[in-house]
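Here is the structure we will look at.
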Amino acid sequence: MTNSKGTALIIGGGIMGLASAYYLLKSGWEVTLLDKGDLSDNCSHGNAGMIVPSHFIPLAAPGMVAKGIKWMFDSRSPFYVKPSLDFSLISWGLKFMKAATPANVERAAPFLRDYHLLSKQLYEDIAAEEGLNFGLEKKGILMLYKSEKAGEEEIHVGKDAQKLELDVEMLSREQVQAIEPGLKLDVAGAVHYHCDAHLYPTALFNQLLKNIREKGARVVSNAEVTGYEIANGEVKAVNTLQGKYESDIVVMTGGTWLPQLAKLAGLSIPVMPGKGYSFMQPNTIHPIVHPALLIEARVAVTPMNGQVRFGGTMELAAVNDKINMNRVEGIVNAIPQYYPELNVAIPPRENIWYGFRPCSPDGLPYLGYSKKLKNLIVAGGHGMMGISLGPATGKVVAELANRNATSLNTVLYDPERYN
């Protein structure tokens, strides 16, 4: 590549890695992307595909600790912490409890709002490019609630969103039913976040991968990182099962593997895997128009690619390949409570997708340069918001690499805030 700004090595082939490659290539870098697998099983594939400025409250919020303790003993509950004496889980949990304060939530809200809104705009820009048609739709997302208590909480959050100048509307039971004419709803009302959007993640992932390859990126599969060669406060080379790679800058993504990748470089970046499940159903007999979150059940519902994806649960435990059918049953049982005409059967195991969201203890991403290794950029820990925050992350990574002013204020996202 002529007039190259230098070489960039990206670790991790999820949405953060692909978006970083996309924007680095755009700004003139030579890019190599390494993935420990074959790029077919990361968390970017089977998620709900939601772009969510509505999610300006981090996971570590007041009330989540109490809910987590209550739900901890119910394997069908929306948020499940698998009881364990694992030190990393206990350490993460203590940091989570410390972060779950009203002051931290209030401080984070405008930062997260800006992060999501930038990403939404960038998705619109990307979707305008030839060969990048990934089902982006701007219908907003409905927060559907059944109980008065849940309604009060959602309306309160909706009013906070309006104060942050987000486009939000409170809907009665009748108003919700009017915009979902294809099926009967059993809800007390909804908060409609017009500011949100959705897309088809599989198409996004495949098209971005094709795009970066066509633009000259070298993509290496099964390249698990085994160590780093560090000298003079810089990463000089990354050693992998596929050989050694030298580069001017290194971008560490890696999803739920971020703590292990960081540890090899002498850094501490805590992330716990939040396991989620999803499955697809035809969206034909009683078609769903709007993506929705079923509030009490914590289930996501997204029409995409002629089907509808149901997903949810957050299971904090070590990475494992077991499908907990109780968790899937929890999702299935919730659907007819909100959509009584939908009789969804428990899908066979081979049709159930699962993935691991990389959850930081304070619910905020890690994004920025390492202070210890001056050519290392970290981009991870986005939890359930990976798809939503992908393009903004990639753009900021390229701006950091170019030593330009960033499109976002990243002060809260210091990757070494737990060192």
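The values are calculated or read from the model by the stated rules, or taken from the named source; none is laboratory data. Quick caveat, the model's predicted, so the values are computed rather than measured. Cβ coordinates were reconstructed from backbone atoms using ideal geometry, including for glycine residues, and neighbour counts include every protein chain displayed. We work out accessible area using only protein heavy atoms, side chains counted, and drop any ligands, DNA or RNA first. Shrake-Rupley method; radii C 1.70, N 1.55, O 1.52, S 1.80 Å.
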Check: Going by the structure shown, is residue 146 open to solvent by 10 Å² or more (accessible area, probe 1.4 Å), in contact (Cβ under 8 Å) with a residue 12 or more places away in the chain and more than 21 Å from residue 50 (Cα to Cα)?
Finding: yes
Checklist line | Selected residue (criterion: nearest to residue 94 (Cα to Cα)) from residues of segment 386-404 that are surrounded by fewer than 24 Cβ atoms within 10 Å (Cβ to Cβ) and hydrophobic (A, V, I, L, M, F, W, C) | finding: 400
Next item on the list: Could you list, in sequence order, all residues of segment 321-340 that are exposed (fewer than 15 other Cβ atoms within 10 Å of the Cβ), in a loop (DSSP other than H, G, I, E, B) and at pLDDT 95 or above?
Entry: 340
Check: Which of (1) open to solvent by less than 30 Å² (accessible area, probe 1.4 Å); (2) modelled with pLDDT under 95 does residue 318 not meet, given it meets every other one?
Finding: (1)
Margin query: Quick check on segment 164-174: of everything there that is without any contact (Cβ under 8 Å) to a residue 40 or more places away in the chain and within 20 Å of residue 197 (Cα to Cα), which residue is most open to solvent (accessible area, probe 1.4 Å)?
Written below: 165
Checklist line | When residues of segment 405-419 are limited to those that are in a loop (DSSP other than H, G, I, E, B) and in contact with a strand residue (DSSP E or B) (Cβ under 7 Å, 6 or more places away or on another chain), the one least open to solvent (accessible area, probe 1.4 Å) | finding: 415
Notebook entry, point to check: Can you name the condition, by its number, that residue 253 falls short on among (1) buried (at least 21 other Cβ atoms within 10 Å of the Cβ); (2) more than 29 Å from residue 370 (Cα to Cα)?
Noted result: (2)
Margin query: When you check residue 37 against the structure, is it under 21 Å from the mean Cα position of the chain (by Cα), at pLDDT 95 or above and either surrounded by fewer than 24 Cβ atoms within 10 Å (Cβ to Cβ) or not aliphatic (A, V, I, L, M) (or both), yes or no?
Written below: no
Check: Can you find a residue in segment 301-308 that is closer than 26 Å to residue 60 by Cα and surrounded by 21 or more Cβ atoms within 10 Å (Cβ to Cβ)?
Finding: yes
Margin query: Given the criteria assigned to a helix (DSSP H, G or I), modelled with pLDDT of 95 or more and either under 24 Å from the mean Cα position of the chain (by Cα) or within 30 Å of residue 283 (Cα to Cα) (or both), does residue 154 qualify?
Written below: yes
Next item on the list: Give segment 348-372 a look and list any residue that's in contact with a strand residue (DSSP E or B) (Cβ under 7 Å, 6 or more places away or on another chain), in a loop (DSSP other than H, G, I, E, B) and open to solvent by 10 Å² or more (accessible area, probe 1.4 Å), or say none.
Entry: 352
